[in-house]
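The values are calculated or read from the model by the stated rules, or taken from the named source; none is laboratory data. Quick caveat, the model's predicted, so the values are computed rather than measured. No Cβ is skipped: glycine too gets one built from the backbone with ideal geometry, and neighbour counts run over all protein chains shown.
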Amino acid sequence: MRQPKYRRALPEDRRGDLVEATLKCLAEHGHAGVSVRRIAAQAGVSAGLVNHHFDGIEALVAAAYEKLSKDLLADVMARVERESEPRRRLSAYFAAIFSDAVLDPGLLKIWVVFWSLLPHAEPLKVIQKRMWSDYRGSIERELAACPTSDPGFDAATVALGLAALMDGLWLQGCLDPGSYRPTDAIGLCERFTDDALTRRP
């Protein structure tokens, strides 16, 4: 008996399949992966189902962008939540950012596609602003919970600097794996944080 070419699935499951297929296509093919036919084939569905579940390829790419951003931050915070002491939580944050799973050149390939589309795609801009706020906010909350020698300590500004430091090191690590040791990057973040927390007014 022949098996049906396409399996039945609940709408939310089908949308999830298409989002996962989009991320796989972008990782494998870069910009060429932004293709309804290629994504549909990867998900094992007809091309018409993409437009049935999403308002075009832009909406699907935006959903993939949001999922990847949320999943990465959730994975980082899951590692942070294993610690209870505030300063150790920040150390866990740094270790997560510079783990093999995050320092993945394949991830950079996906991000490059998203970044190139941002100037021309309003849904991506909205998601980018929200996810940047969530990312920076997560760092700020961890910093604000740490004891500090400076009564004027500005967790928001330090979080901005720390995010910039981590992002720059992450980008270099993905562009040229082996250009630095993850432990060195973690050490830089630790020193930046300690300097900010122990600075005297």
For F94: the one exception among (1) surrounded by fewer than 19 Cβ atoms within 10 Å (Cβ to Cβ); (2) touching a residue at least 24 places away in the same chain (Cβ under 8 Å); (3) not small (G, A, S): (1)
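Here is a list: T148, T183. Which entry is assigned to a helix (DSSP H, G or I) and either β-branched (V, I, T) or touching a strand residue (DSSP E or B) at 6+ places or on another chain (Cβ under 7 Å) (or both)?
That would be T183, the only listed residue that is assigned to a helix (DSSP H, G or I) and either β-branched (V, I, T) or touching a strand residue (DSSP E or B) at 6+ places or on another chain (Cβ under 7 Å) (or both).
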Residue in segment 169-183 that is in contact with a helix residue (DSSP H, G or I) (Cβ under 6 Å, 6 or more places away or on another chain), aliphatic (A, V, I, L, M) and over 20 Å from W111 (Cα atoms) present: no
Unmet requirement for R38, which otherwise passes all of (1) without any contact (Cβ under 8 Å) to a residue 40 or more places away in the chain; (2) touching a helix residue (DSSP H, G or I) at 6+ places or on another chain (Cβ under 7 Å); (3) surrounded by 17 or more Cβ atoms within 10 Å (Cβ to Cβ); (4) assigned by TED's automatic domain parsing to the domain that holds E140: (4)
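Filter segment 112-122 down to the residues that are assigned to a helix (DSSP H, G or I) and surrounded by 17 or more Cβ atoms within 10 Å (Cβ to Cβ) and list them by number.
Across segment 112-122, the qualifying residues are V113, F114, L117.
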Condition broken by A43, with the remaining ones in (1) more than 12 Å from R14 (Cα to Cα); (2) surrounded by 16 or more Cβ atoms within 10 Å (Cβ to Cβ); (3) not assigned by TED's automatic domain parsing to the domain that holds M131 satisfied: (1)
Residues satisfying the stated conditions in segment 46-56, i.e. buried (at least 16 other Cβ atoms within 10 Å of the Cβ) and aliphatic (A, V, I, L, M): L49, V50
In segment 148-168, the residues that are within 20 Å of L103 (Cα to Cα) and out of contact with any helix residue (DSSP H, G or I) (no Cβ under 8 Å at 6 or more places or on another chain): A164, D167, G168
Any hit, segment 128-143, residues being surrounded by fewer than 12 Cβ atoms within 10 Å (Cβ to Cβ) and closer than 18 Å to A74 by Cβ: yes
Only one of A62, A78 that is more than 30 Å from C146 (Cβ to Cβ) and either part of a helix (DSSP H, G or I) or modelled with pLDDT of 90 or more (or both): A62
Only one of E122, E142 that is at pLDDT 95 or above and of a type in the set (D, E): E142
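Considering D75, D100, D17, D13, which residue is among the charged types (D, E, K, R) and under 23 Å from K129 (Cα atoms)?
Details: D100 fails: under 23 Å from K129 (Cα atoms); D17 fails: under 23 Å from K129 (Cα atoms); D13 fails: under 23 Å from K129 (Cα atoms).
Selected residue: D75, the only one of D75, D100, D17, D13 that is among the charged types (D, E, K, R) and under 23 Å from K129 (Cα atoms).
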Some residue of segment 99-107 being exposed (fewer than 15 other Cβ atoms within 10 Å of the Cβ) and on the phi > 0 side of the Ramachandran plot: no
